[in-house]
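Asker: Structure below; questions to follow.
The values are calculated or read from the model by the stated rules, or taken from the named source; none is laboratory data. Every value quoted in this text rests on a predicted model; they were computed, and no experiment measured them. Because the Cβ atoms are built from the backbone with ideal geometry, glycine has one as well, and the counts that use them run over all protein chains shown.
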Amino acid sequence: MIGSRFVNIQIIFVLHVADLAGKRSKNIVQTLEQISLKSNYDAVIVGGGSAGVAAAIASAREGLETLLLVRGSELGGNLSQDLVHSISGLYLISNDVVPHPANGGLALEFTERLLKTESAMGPVRMNRVDVLLQEPQLFSIQCTRLCGKEKNLIVVFNSTLRSVLSNGTVIESIEIDTHPEPIRAAVFVDASSDAKLSFLAGADYEEADPAELQRAAYIFSIGNVNLDDVDDNSRFILSQKIVAGIRDGSLDPQLAVAVMRPTGLAEQVRWTIDLESEGDHYSPLNPECLTRLQILGCQLAAQLEAYLRVSVTGFEKCRITASPGQTSARESRRVSGRYCLTEKDILDGVEFEDAVCRSAWPIELRETVRGQKSHASKKSKPCDIPLRALISKDFDNLLMAGRCISATHRAQGALRVIGTCLAVGQAAGLAAATIKRSPTGKISPGEEGAAAAPIREKIFCDINR
Ligand SMILES: Cc1cc2nc3c(=O)[nH]c(=O)nc-3n(C[C@H](O)[C@H](O)[C@H](O)COP(=O)(O)OP(=O)(O)OC[C@H]3O[C@@H](n4cnc5c(N)ncnc54)[C@H](O)[C@@H]3O)c2cc1C
């Protein structure tokens with residue numbers, strides 16, 4: 001079964017690469033040398049992760065001339081760079097046998113597209129939540145194909161945001177490292193996950209205490225595994241063997257929290273190791289800290305590979321086949337918006353007048369490496385995400401999308417998942433169009449309820465809310 005899926009995924013992958021090479025849209029460009037960037041856009045989106053891609057597509061579909069700036073050379077953000085392999089938050093938390101989408105619109109479009117192209121499988125039930133298991137590279141390819149179809153969208157890879165120029169409560173322009181001129185826009189969307197755009201603009205933000213921040217993780221793939229030998233029973237034996245390895249000193253104690261998941265590809269599994277991230281000294285924004293963690297993750301992965309080879313049936317010839325481009329941080333800056341979502345909002349499943357989409361994932365905290373703590377709404381009610389949490393309180397034309405929206409540390413533990421980032425991204429792209437069309441160039445405080453209604457309508461046009 002897994003073998004036949006392997007064949008399908010390989011063929012689709014090759015087709016997509018060929019498709020990209022042969023019919024690459026003129027809008028997808030590799031470097032700035034190949035295009036002349038304009039000095040003015042309707043909307044500029046910074047960050048090509050799930051939130052940024054959704055924001056860019058939504059903005060372009062509204063007819064806005066949109067520029068999507070991507071720091072690396074592929075779309076998908078930490079999903080593809082860091083090998084995150086399951087998409088959470090796409091479905092309502094429920095005991096129903098059939099999963100119900102939490103949001104329609106682009107989140108649903110992505111779900112259907114990933115399943116149709118066999119870039120993901122599922123939904124897979126894990127207790128009361130449902131996730132899609134996806135292939136990071138294939139997700140990235142789907143993002144590229146979707147962006148390539150949008151005639152109003154220019155995507156520029158290998159561009160890092162350097163500075164932001166503002167005047168009063170308006171962001172006027174930004175500068176990127178690869179272009180000599182400032183780039184102006186009517187609206188800017190910060191989908192950079194670390195809130196770099198907001199930070200450089202001088203917008204207010206929050207960051208959790210280092211000891212409280214969600215821990216970083218190292219995700220890698222191991223191939224050449226005889227999966228016929230890895231059933232549920234052998235997984236149990238595997239955990240026992242890892243504990244034994246830690247006891248006899250062959251394995252580092254941090255490997256006690258290593259989690260293995262299937263990938264859908266023959267002979268391959270994926271491991272996630274939450275890293276003991278330097279306690280009070282941990283900083284997801286400090287490159288030296290991230291480098292140390294990257295080296296630690298790499299060493300732990302090598303140790304595990306060597307141990308599995310000699311100790312576990314089915315892993316005798318295993319080898320590491322993919323490692324992340326960087327150590328994955330789960331949390332950093334959160335921009336202060338006109339409303340800050342709280343843990344209570346999430347647990348009570350609060351409804352807001354200016355709701356644009358919904359959060360349907362438990363508050364998942366990984367503040368230590370001793371495993372996650374989850375808190376879900378007792379009523380299994382999703383929480384509305386208000387438009388005000390996407391608008392910076394300091395700048396009228398600055399929107400946030402993805403894991404940096406306005407929320408407390410604990411609320412972010414629910415909001416940061418990819419399914420929610422896709423919906424929030426779409427809402428930010430639609431809000432950008434509202435701001436661009438507004439004669440005042442903003443959504444004034446008090447007008448968010450009226451502005452949110454048409455956005456919500458578009459996001460829920462294909463499902464019941
Ligand atoms: C270890 C780990 C495991 C996870 N597991 C899951 C899971 O199982 N399921 C799930 O749903 N979610 C999971 N998540 C959470 C989820 O992956 C992220 O929260 C989500 O992908 C964030 O999306 P985003 O678009 O906000 O940011 P990102 O995907 O991080 O994208 C941000 C983009 O901005 C770019 N950028 C940053 N700074 C600049 C700059 N100065 N100039 C230009 N571009 C810039 C980055 O290069 C990146 O492309 C996990 C996260 C981690 C770290």
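Asker: Only one of these is surrounded by 15 or more Cβ atoms within 10 Å (Cβ to Cβ) and at pLDDT below 90: E278, E305. Name it.
Answerer: That would be E278, the only listed residue that is surrounded by 15 or more Cβ atoms within 10 Å (Cβ to Cβ) and at pLDDT below 90.
Asker: Across segment 416-450, what is the total count of residues that are more than 29 Å from E331 (Cα to Cα) and of a type in the set (A, V, I, L, M)?
Answerer: Total satisfying the criteria: 1.
Asker: Identify, please: which residue in segment 54-96 is small (G, A, S), assigned to a loop (DSSP other than H, G, I, E, B) and within 8 Å of the ligand (Cβ to nearest atom) and is, among those, surrounded by the fewest Cβ atoms within 10 Å (Cβ to Cβ)?
Answerer: G72
Asker: Output the number of residues of segment 349-376 satisfying the condition of being modelled with pLDDT under 95, over 24 Å from Y205 (Cβ atoms) and among the charged types (D, E, K, R).
Answerer: 2
Asker: If you go through segment 221-238 one residue at a time, do you hit one that is out of contact with any Gly (no Cβ under 8 Å at 6 or more places or on another chain), part of a loop (DSSP other than H, G, I, E, B) and over 30 Å from S438 (Cα atoms)?
Answerer: yes
Asker: OK, next. What are the residues in segment 128-173 that are within 13 Å of the ligand (Cβ to nearest atom) and closer than 30 Å to K378 by Cα, if any?
Answerer: If the condition is that a residue be within 13 Å of the ligand (Cβ to nearest atom) and closer than 30 Å to K378 by Cα, then V129, D130, V131, L132, L133, Q134 are the ones that fit.
Asker: Separate question: Hey, among the residues in segment 97-114 that are over 17 Å from the mean Cα position of the chain (by Cα) and assigned to a loop (DSSP other than H, G, I, E, B), which one's farthest from the ligand (Cβ to nearest atom)?
Answerer: Only one residue fits best here, namely V97.
Asker: Does S380 satisfy being within 13 Å of the ligand (Cβ to nearest atom), surrounded by fewer than 24 Cβ atoms within 10 Å (Cβ to Cβ) and more than 17 Å from the chain's Cα centre (by Cα)?
Answerer: no
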